[in-house]
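Engineer: I'd like to ask you about the structure that follows.
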Amino acid sequence: MKLLVINPNISDDVTALIESEALRSASPGTELVVRTAGHGVEYIETRFESLIAAGAVAEIIAEYTADPAGSLPASAKIDGVVVAAFGDPGMPALKELADVPVIGITEAALCAAALQGHRFSIIAISDRIRPWYLDCVERFGLGGRLASIRSINQSLNSIGTVQADFKETLLTLSRQAVAEDGADVVILAGAPLAGLARELRGHIPVPVVDGISAGIRMAEAVVGLQSGPHRQGAFAPPPVKLRRGLSENLDAALTAAQSVPTASKN
């Protein structure tokens, strides 16, 4: 199995954190291709920044799902995609582009939390990010199971050192979510916190979910189900229509998605 893991922001330091946790989480035999967004922002906090990131993620997916020059070797084929930023930039629209499962770490973390407890809390890296995260939880229909979103309310020195700079703060926020908000599960949100759950397990009295770990394991599971691609319904490929100004890869990816016949209704 080969998974394409995409960091939707431009921080190479965060990509390194993603890759380290993804490698620890992946099953033996799973190959990972880890990529960083080609344009965008250092880290995503707002809906608009997510909008920018979505385009960057789509371009990377298109590289691996389209072959306009006919030069992509068979060994480059991917079996699934993990969008490795909490908030899942571009989701669920990206599911319409690819013919393989596309899994966001938010949906993966929420599913993992829902399986382990009734109410969950999200621990975030900034106050500004909270409205967007709340939108995401409600979009997945889990607003009634959200105990709280707690966040760091201090300026960040560097996105790559959030864990080291705020480990004790994040631990305190997690414990408060359990003691004061009634969380049965804590989600450490965002790629900058990748791997921290491993360190904090045992220090928090409930299960702790890491989005990157959840994303990798859920992607492996969904690929392994071999459920088949979307041909009809809400996530069918976009209909054919006039378009202009797209990159060669993105245009080819759309053409490839649209050229696959829909399933028979008989």
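Bear in mind these aren't lab numbers, they're just calculated from the coordinates by the rules spelled out. Bear in mind the structure is a predicted one, so any value in this text is a computation, not a measurement. Cβ atoms come from the backbone with ideal geometry, glycine included; neighbour counts cover every protein chain shown.
Engineer: Which one of Q226, A98, A85 is farthest out on the positive end of the charge dipole of the chain, using unit charges on Cβ (Lys, Arg +1; Asp, Glu -1) and the Cα centre as origin?
Structural biologist: It is Q226, whose Cα lies furthest towards the positive end.
Engineer: Could you name the aspartates and glutamates whose alpha carbon sits less than 19 Å from that of K77, not counting residues in the same chain fewer than 8 places away?
Structural biologist: E31, E59, E63, D67, E96, D99, E220, E248, D251
Engineer: Do the sum for the chain: with -39,500 (n - 2.57) for every DSSP H run of n ≥ 4, divided by all residues, what is the mean residue ellipticity at 222 nm, to the nearest 500 deg cm²/dmol? Please report the intermediate quantities before stating the final value.
Structural biologist: Working: 8 runs with 107 residues, N = 266.
One gets -13000 deg cm²/dmol as the mean residue ellipticity at 222 nm.
Engineer: Label points 7 Å out from Cα along the Cβ direction at R198 and E248: separation in nm?
Structural biologist: Distance between the two pseudo-spin positions: 4.0 nm.
Engineer: Here is a further query. Which log10 I(q)/I(0) values does segment 106-211 give at q = 0.23 Å⁻¹ under the Debye formula, counting every alpha carbon as one identical point scatterer?
Structural biologist: -1.32
Engineer: Right, another one. Assign unit charges at the C-beta atoms only (+1 for Lys and Arg, -1 for Asp and Glu), then state the dipole size of segment 106-211 relative to its Cα centre in Debye, rounded to the nearest 20.
Structural biologist: Charge dipole of segment 106-211: 60 debye, to the nearest 20.
Engineer: When the scattering of the chain is computed by the Debye formula from its Cα atoms alone, each counted once and equally, what is log10 I(q)/I(0) at q = 0.07, 0.08 Å⁻¹?
Structural biologist: -0.24, -0.32
Engineer: What aspartates and glutamates could a cross-link reach from K167, if we take a straight Cα to Cα line under 12 Å and drop same-chain neighbours fewer than 8 places away?
Structural biologist: Candidates past the 8-residue exclusion: E199.
Engineer: Who wins for biggest fluctuation among G80, G228, G245 in a Gaussian network model of the chain, springs between alpha carbons below 10 Å?
Structural biologist: In the Gaussian network model the winner is G245.
Engineer: Run through segment 202-255 and list the trypsin sites (Lys or Arg not before Pro) located in a DSSP loop whose Cβ has at most 13 other Cβ atoms within 10 Å.
Structural biologist: Loop-located and lightly packed - K241, R243, R244.
Engineer: At a temperature of 4 °C and a viscosity of 1.567 mPa s, determine how fast segment 7-101 diffuses translationally according to Stokes-Einstein, using the Kirkwood radius over alpha-carbon pairs as Rh; express D in µm²/s, rounded to the nearest whole number.
Structural biologist: 92
Engineer: Please sort by residue number the trypsin sites (Lys or Arg not before Pro) in segment 63-152 whose DSSP state is loop and whose Cβ has at most 13 other Cβ atoms within 10 Å. Intermediate values should be presented prior to the final figure.
Structural biologist: Working: sites: K77, K95, R119, R128, R139, R145, R150; in loops: K77, R119, R128.
Passing sites in segment 63-152 are K77, R128.
Engineer: How long is the gain from D165 to S20 if the chain were fully straight, where each residue apart is worth 0.36 nm and the alpha carbon distance is subtracted?
Structural biologist: My answer for the length gained is 50.3 nm.
Engineer: Using 0.36 nm per residue of separation minus the Cα-Cα distance, give me the extension gain between L156 and F235 in nm, one decimal.
Structural biologist: 24.7 nm
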